[in-house]
Amino acid sequence: MYLAANSGGGAGSFMPILMIVLLFGVMYFMMIRPQQKRRREAEHMQSSLGPGAEVVTIGGLYGHVVNVDDETVTLEVAPGVHNRYARPAIARVVSGGEPQDVPAAEKVVDEADAKD
């Protein structure tokens, strides 16, 4: 009688471990991996900035790239007005300079606008 009650408990203790492993797997593919991809794309965009590109900063300021060095980007925000920003402060490239890849989310929005 003792053996029969003990043999059924072995399979039940495996399920919580399996659920925890599955939870971490889902978290990796749904949260961590996409964030790493966005970070790599942003780093690529910021490293490929060139003079003449129109960019938007994380604060929403539009400007044209005048000068680029290792850590900073100088933007002309109005005729004769130059502001210097850290490279990570550039949110996206609007146009010009070197061609940039548009994230898939922006492509969908642009296609929807074109149909209207």
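Computed from the coordinates by the stated procedures, all read-outs in this text should not be read as laboratory data. In this text the structure is predicted, and so the values were computed from the model without any measurement. Using ideal geometry, Cβ is built from the backbone for each residue, glycine included, and neighbour counts are taken over all protein chains shown.
Miscellaneous remarks
- Between Arg40 and Glu54, the modelled labels are 3.1 nm apart [label points 7 Å from Cα along Cα→Cβ].
- Fully extended contour minus Cα-Cα distance, from Arg33 to Asn67, at 0.36 nm per residue: 8.9 nm
- Sorting Leu49, Leu18, Leu75 by the number of Cβ atoms found within 10 Å of their own Cβ, with the fewest placed first, yields Leu18, Leu49, Leu75.
- Glu71, Glu76 arranged by Cβ crowding within 10 Å, fewest neighbours leading: Glu71, Glu76
- Whole-number percent relative contact order across segment 2-98, with pairs defined as alpha carbons under 8 Å at least 6 apart: 24 percent
- Cβ-based net charge around Asp69, under 10 Å, with every Lys or Arg adding one and every Asp or Glu removing one: 0
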